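Asks: Starting off with a structure, shown below.
The values are calculated or read from the model by the stated rules, or taken from the named source; none is laboratory data. Computed from a prediction, not measured in an experiment: that's the story for all the values here. Cβ: placed from backbone, ideal geometry, glycine included. Neighbour counts: every protein chain shown. The protein model used for the area step is the full one, side chains on, heavy atoms only, and it has no ligands, DNA or RNA in it. Shrake-Rupley method; radii C 1.70, N 1.55, O 1.52, S 1.80 Å.
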Amino acid sequence: TNLPDALPAEGQARELIHTLQQLRKDAGLEFTDTILLDITGADAILGSFKEMIERETKSTFAKNDGTKQEVSLENCKLTVQFAKSSK
């Protein structure tokens, strides 16, 4: 069986969303809180799924002063930094 190229990338995007939701919860943020989000090391995922990630995590991609956290997704290591938005 051959999978379309986009399918594994979408799976990684969904795994990233799940990880971000857990990080938000661990940080004590509510689901309704909007965050500023910066991710390095996920260019391939963000190239196709940035809007979906923003929508699903209630975030806007922007530089912020949150704590940097290392996360692993399958074969890649990412750096995630987020902070609650004042908007």
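Asks: Taking segment 18-57, which residues are over 19 Å from LYS68 (Cβ atoms) and β-branched (Val, Ile, Thr)?
Replies: THR32, THR34
Asks: Quick one: count up the residues across segment 12-69 that are under 15 Å from GLN81 (Cα atoms), open to solvent by 40 Å² or more (accessible area, probe 1.4 Å), of a type in the set (S, T, N, Q) and not in a loop (DSSP other than H, G, I, E, B).
Replies: Adding up the residues that qualify gives 5.
Asks: Can LEU78 be described as open to solvent by less than 70 Å² (accessible area, probe 1.4 Å), among the hydrophobic types (A, V, I, L, M, F, W, C) and in a strand (DSSP E or B)?
Replies: Yes, satisfied.
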